[in-house]
Amino acid sequence: MNEHAPLEPAPLEPIGCQNAPVLRERGQHEVFCGLTGIVWLHRKIQDAFFLVVGSRTCAHLLQSAAGVMIFAEPRFATAIMEEKDLAGMVDAHDELDREVGRLLERRPDIRMLFLVGSCPSEVIKLDLSRAAERLSSIHAPKVRVLNYSGSGIETTFTQGEDACLAALAPEMAYGEDKQLLVAGALPDVFEDQFARLFEALGVPVAFLPSRRSDELPSIGPNTSVLLAQPFLNETARCLAGRGAEILPSLYPFGEAGTTAWLRTGADVFGVDDERFEIVTAAPRARARASVAARRKRLEGKRITFLPDSQLELPLARFLTEECAMVPVEIGTPYLHRAHMAAELAALPAAVRLSEGQDVERQLDRLREDRPDLTVCGLGLANPLEAEGLATKWAIELVFSPIHGYEQAGDLAELFARPLERRSRLAGLRGKGPATPGIEPAAPGSGCRRTARACGGCP
Amino acid sequence: MKLSVWTYEGPPHIGAMRVATAMKGLHYVLHAPQGDTYADLLFTMIERRDHRPPVTYTTFQARDLGSDTAELFRRTCADAYERFQPEALIVGASCTAELIQDDPGGLATSMGLPVPVVPLELPSYQRKESWGASETFYRLVRALAQPCERTEVPSCNILGPTALGFRHRDDLAEIERLLGRLGIAVNVVAPMGASPTDLTRLGAAHFNVVLYPETAETAARHMERALGQPRTRTIPIGTGATRAFVEEVAELAGVDPAPGLDESALRQPWWSSSVDSTYLTGKRVFVFGDATHALAAARVASEEMGFDVVGLGAYNREFARDVRAAAAGYGLDALITDDYLDVEAAIAEAQPEMILGTQMERHIGKRLGIPCAVISAPVHVQDFPARHSPQMGFEGANVLFDTWVHPLVMGLEEHLLAMFREDFEFNDQAGPSHLAHAVSAEKSLPPDPGAGRADALAGEGGSMPAEAAPEPLAWTTDAEQELKKIPFFVRGKARRNTEAYASARGLIPITVETLYDAKAHFAR
């Protein structure tokens with residue numbers, strides 16, 4: 001894939017952090033659980049409904065993680081377990097059957113129902129696969145009922161999408177046609193962009209998940225899978241289990257990543273260089289131009305990723321290669337070396353990799369590093385800004401259009417904007433409290449230890 | 001099990017976080033799985049706080065369940081104490097940790113930490129956020145407040161303001177100013193801004209001002225018994241209630257109420273009496289929120305704005321009795337529910353001209369094309385304004401007038417809309433001219449099945465719209481035109497009534513005559 005590397009001057013540092021040590025930490029994880037994926041998945045599969053079997057906390061999370069409430073009635077809900085479900089006064093399975101019955105009666109447009117396991121349902125060992133089987137037989141053939149777990153004790157944030165797509169794998173029909181399967185919930189607009197590119201390359205392509213539950217693609221030994229998202233480890237395992245071949249690649253972020261990703265797919269179908277060049281030349285040029293327009297604001301700026309979505313490594317690679325940013329620490333909730341091999345090989349050898357999290361220790365390191373930009377969760381962003389550290393909300397990278405050529409500039413813009421905003425407002429911020437009634441935060445104020453013990457306190 | 005789409009309240013440990021985050025020097029160690037940290041963003045994003053909430057989560061995962069989660073809790077607790085050096089700790093479990101029964105309270109109190117440790121038992125599968133805040137505050141007060149000598153000058157504590165409260169910051173400033181004018185000293189404000197040490201001197205006050213019964217009434221009752229401190233009952237929202245509040249605190253403090261009744265900055269009574277406000281008379285409003293704010297809003301709407309209250313309800317059952325009594329006074333049955341879909345159906349049925357509600361009702365209003373002003377938590381980021389914008393006190397009364405009138409079509413404009421209904425660019429679908437974004441009620445409604453949903457839900461059991469909908473009755477073109485001249489917020493009802501009247505009498509197709517016959521029939 002080297003011949004498709006960007007035509008930028010190579011960074012001076014040695015490249016390739018496959019062998020770099022990884023800092024593994026246990027402690028407080030400042031991350032979402034896998035239920036959060038429902039916020040975008042329920043919009044992607046238009047005749048599916050996601051029913052979380054959980055607690056009031058789960059319902060509250062879904063409502064809060066969405067940032068704002070969704071205007072239309074969402075295709076998700078929570079069956080909130082109550083005292084009597086736990087005390088065994090009622091049979092939780094009977095209760096679930098009743099609620100599902102009411103739900104399907106009210107929403108006759110639903111064709112696929114996901115029962116989504118949560119922390120409490122896992123802890124009390126409520127068998128949702130048995131429930132899904134039973135409910136499927138009750139509501140067949142109109143509605144298929146599947147299940148997966150989005151619980152925090154088993155999944156981190158985007159692993160919820162992974163678990164959902166993995167649950168779809170056994171539902172796909174067997175087929176022997178030679179085809180490319182793109183896995184990962186992409187916004188419809190990029191799915192269409194990628195579909196056009198592959199069509200122009202003469203590559204037959206299908207997408208998982210499909211927009212409607214009855215349009216799931218087929219799968220078989222002649223299916224080659226390109227992962228559009230870097231967090232689909234379980235999905236990849238299940239698709240491989242159906243006989244498909246998983247194609248390792250860079251992920252389609254930025255001009256270089258997208259080109260490498262398309263090339264990987266095209267190679268399987270014997271697309272020649274000339275054709276590839278004809279199809280991709282124009283969008284590649286557009287992508288490069290739009291990234292170049294933002295590059296001067298990002299060049300040389302130091303960036304740290306706190307663990308969040310598993311997008312951290314591919315995005316750090318894009319920012320390093322195409323925007324000349326300098327990664328300081330790249331945290332990821334989970335590092336799958338096989339699926340990240342190409343990404344690791346493209347990152348500077350000197351970068352600090354961390355997996356898992358102890359948020360307090362990580363913030364100590366962050367205050368010592370003081371990068372120009374920190375990619376973090378919503379719970380940390382304003383407190384870090386108040387300490388003078390510019391931040392980018394990680395969740396926006398999951399919710400925003402960032403894949404492919406046409407969005408490469410937008411992706412760079414997501415990182416450039418917080419820096420741009422700070423420079424525009426440079427004269428504005430005084431010493432007043434950011435939250436009136438609360439004393440202004442001093443650097444390192446989350447920590448009351450002595451300066452000696454805490455690297456961040458001046 | 002209960003199906004929930006949106007919730008008015010989070011679980012009870014969120015209530016505990018609202019107390020802990022409002023205070024200083026207190027730290028909360030929460031036994032909770034990975035993912036429960038989402039709660040931090042409520043405070044840092046919605047309220048724009050510049051600090052993380054003072055909460056440490058144990059973050060247990062599936063693999064920990066087989067080993068020793070209790071040891072994980074002990075280690076987390078020790079680390080949190082070491083790092084944050086709080087004056088006191090509260091400890092408890094979130095919903096999942098409650099199931100694994102590690103007893104965080106017992107574990108933490110046996111660790112020999114050199115500061116008070118207050119265990120919280122917040123049953124997640126029975127109780128909700130407001131109760132959790134109330135219980136947490138009560139436990140803290142019970143553990144820390146001691147009888148002590150009263151201050152020499154008349155003084156009070158102000159109880160109830162928390163993090164994420166609706167306008168608590170501004171209400172507090174307003175009430176402190178009012179008490180200052182009366183010469184009443186404020187001994188401790190809690191939870192907002194108080195440290196655990198401050199709570200130990202609560203007993204020095206002569207009485208307690210309870211601003212938000214949802215969070216402070218339990219603690220205030222305890223202090224009444226244990227510390228002999230009387231408490232206020234009046235919630236100073238609106239002109240009348242503020243006057244009554246001044247009299248009440250003056251009496252408790254034994255001071256002259258006159259300085260507190262200085263109304264030189266109070267404009268709401270005149271704004272409401274001036275002739276321009278005549279158009280507000282009889283505006284039909286639907287009120288829903290927490291019990292305290294809903295009761296206050298209904299009273300202000302009825303007595304100080306001249307509105308008609310056509311619906312009144314609350315999502316917290318703890319104060320349901322008061323809401324039922326007040327609703328009866330307006331000739332209504334109170335709506336006590338935390339089911340968003342029930343509230344939406346009730347609003348669709350009542351067809352009010354305005355909603356006074358929470359952020360949830362703002363969404364209902366958007367769907368139904370009904371303007372909404374927010375009067376109660378839960379609220380979103382836009383309900384934490386940069387400017388001073390209290391609900392309480394005389395300035396609060398001014399704010400209520402402004403914010404409730406703003407979403408409405410203004411007086412003469414309303415007449416013009418009624419007179420020239422068929423003007424192609426000036427009609428009742430245009431919305432208030434000063435709100436450029438306010439799109440028409442009917443145009444903004446999504447196409448079926450969304451639009452028909454509220455109606456379908458109103459029918460018991462929620463049958464499928466397609467099956468439940470009867471054959472549409474025929475209307476003559478003239479009658480259809482005439483129907484369009486009826487204001488949009490009652491048009492649906494007029495159509496239903498007319499069709500019921502016509503089909504009962506076999507008057508098909510419906511003519512202009514039938515329309516007015518039906519109007520006369522239902523007007524009796």
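Derivation of every value follows stated rules applied to the coordinates shown; laboratory data play no part. These numbers come from a predicted model, not from an experiment. Cβ atoms come from the backbone with ideal geometry, glycine included; neighbour counts cover every protein chain shown.
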### Query
For the pair B:Ala386 and A:Tyr174, how long in nm is the line joining their label points, each one 7 Å along Cα→Cβ?
6.5
### Task
Pull up the cross-link candidates among the lysines for A:Lys392, meaning alpha carbon to alpha carbon under 16 Å and not fewer than 8 places away within one chain.
A:Lys301
### Query
Once amide H atoms are placed 1.01 Å from N in the peptide plane, what residues at a sequence separation of 5 or more from A:Val182, or on another chain, have their amide H within under 5 Å of its amide H?
A:Ala206, A:Phe207, A:Leu208, A:Leu226
### Message
What whole-number volume per residue, in cubic angstrom, does the convex hull of the C-alpha atoms of the range B:200-357 give?
### Response
128
### Query
In degrees, nearest 10, range 0 to 90: what is the angle between the Cα axis of helix B:168-181 and the longest Cα principal axis of chain B?
70
### Query
Label 7 Å along Cα→Cβ of A:Glu355; the range B:65-83 residues with amide nitrogen under 20 Å?
B:65
### Message
If you restrict to DSSP beta bridges whose two residues both lie in chain B, what percentage is antiparallel, to the nearest 5?
### Response
5
### Query
What per residue convex hull volume, in Å³, comes out for the range A:317-361 when only alpha-carbon positions are used?
79
### Query
By average Cβ neighbour count within 10 Å, what is the ranking of B:396-407, B:123-134, B:321-332 from highest down?
B:123-134, B:396-407, B:321-332
### Query
What's log10 of I(q)/I(0) for the range A:199-276 at q = 0.13 Å⁻¹, Debye sum over Cα points only, no solvent?
-0.42
### Query
What order do you get for B:86-98, A:234-246, B:202-214 when each peptide is scored by the mean count of other beta carbon atoms within 10 Å, highest first?
B:86-98, B:202-214, A:234-246
### Summary
For the range B:1-44, using Cα atoms only, the Rg and Dmax in Å read 12.2, 39
### Message
Looking at the calculated P(r) for the range B:243-336, what percent of the C-alpha pair distances fall above 22 Å?
### Response
45
### Query
Which of the lysines could be linked to B:Lys484 by a straight reach, that is with a Cα gap under 25 Å, when you skip same-chain ones fewer than 8 residues away?
B:Lys283, B:Lys366, B:Lys443, B:Lys493, B:Lys519
### Query
Over all Cα pairs of the range B:61-158, how is the pair count split among 10 Å bins, expressed in % and running from 0 up to the last occupied bin?
13, 38, 32, 12, 5, 1
### Message
Rounded to the nearest angstrom and ordered from largest down, what semi-axes does the equivalent ellipsoid of the range B:172-230 get from its C-alpha gyration tensor (root of 5λ)?
### Response
18, 13, 13
### Query
Extension gain B:Glu152-B:Thr403, at 0.36 nm per residue separation less the Cα-Cα distance, in nm?
86.3 nm
### Task
Give me a single rounded figure for B:52-61: the average over its residues of other chain Cβ atoms within 10 Å of their Cβ.
5
### Task
Give the percent of DSSP beta bridges with both residues in chain A that are antiparallel, rounded to the nearest 5.
5
### Message
Which one, A:Gln229, A:Leu115, B:Ala22, projects farthest toward the positive side of the charge dipole computed for the protein assembly as shown from Cβ point charges (K/R +1, D/E -1)?
### Response
B:Ala22
## Note on the structure
Here the range B:399-405 yields Karplus 3J(HN,Hα) values (6.51, -1.76, 1.60; θ = phi - 60°; whole Hz; Gly and Pro given as x) of 4, 4, 4, 4, 6, 7, 7
#### Entry: Charge sum, other residues only, whose C-beta stays under 14 Å from A:Arg424's C-beta, Lys/Arg counted +1 and Asp/Glu -1
+4
### Message
Per residue of the range B:199-204, what does 6.51 cos²θ - 1.76 cosθ + 1.60 with θ = phi - 60° give for ³J(HN,Hα)? Whole Hz please, x for Gly and Pro, Karplus curve as stated.
### Response
5, 5, 9, 4, x, 6
#### Entry: Overall dimensions of the range A:132-272 as given by Cα atoms, namely Rg and Dmax in Å
15.5, 51
### Query
If one computes P(r) from the Cα atoms of the range A:273-422, what percent of pairs lie at distances over 18 Å?
57
### Bridge type composition, the protein assembly as shown - antiparallel percent by DSSP, nearest 5
5
#### Entry: Sequence-distant aspartates and glutamates (8 or more away, or on other chains) whose Cα lies within less than 16 Å of A:Lys44
A:Glu73, A:Asp109, A:Glu161, A:Asp162, A:Asp188, A:Glu191, A:Asp192, A:Asp214, A:Glu215
## Note on the structure
From the Cα centre of the range A:267-345 to that of the range A:397-430, the distance in Å is 16
### Query
By how many degrees, 0 to 90 and rounded to 10, does the Cα axis of helix B:488-505 deviate from the longest principal axis of chain B?
50
### Query
P(r) for the range A:328-387: what percent of alpha-carbon pairs falls in each 10 Å bin, starting at zero?
18, 51, 26, 5
### Query
Taking N as the number of residues in the protein assembly as shown, what value does Rg over Cα atoms divided by 2.2 N^0.38 Å take?
1.00
### Message
Pairwise over distinct Cα atoms, reciprocal of the mean inverse distance: report the Kirkwood radius of the range B:111-179 in Å, one decimal place.
### Response
15.1
### Query
Based on Cα positions only, what radius of gyration and what Dmax would you give for chain B, in angstroms?
26.4, 85
### Message
Please list, ordered by chain and number, the residues whose modelled amide H lies under 5 Å from the amide H of A:Cys33; skip anything fewer than 5 residues away on the same chain.
### Response
A:Phe157
### Query
At a Förster distance of 45 Å, what's the computed FRET efficiency of B:Gln85 paired with A:Glu133, Cβ-Cβ distance as r, to 0.05?
0.25
## Note on the structure
With Cα coordinates, the longest principal axis of chain B makes an angle with the long axis of helix B:129-144, in degrees rounded to 10, of 20
## Note on the structure
Between the alpha carbon centres of the range B:1-69 and the range B:324-375 the gap in Å comes to 30
### Message
If amide hydrogens are placed 1.01 Å from N in the peptide plane, which non-local residues have theirs closer than 5 Å to the one on B:Leu3?
### Response
A:Ile80
### Message
Sorted from largest to smallest, which semi-axis lengths in Å does the alpha carbon gyration tensor of chain A give for its equivalent ellipsoid, taking the root of 5 times each eigenvalue?
### Response
36, 32, 18
### Query
To two decimal places, what compactness ratio does the range B:1-138 give when its Cα radius of gyration is scaled by 2.2 N^0.38 Å?
1.00
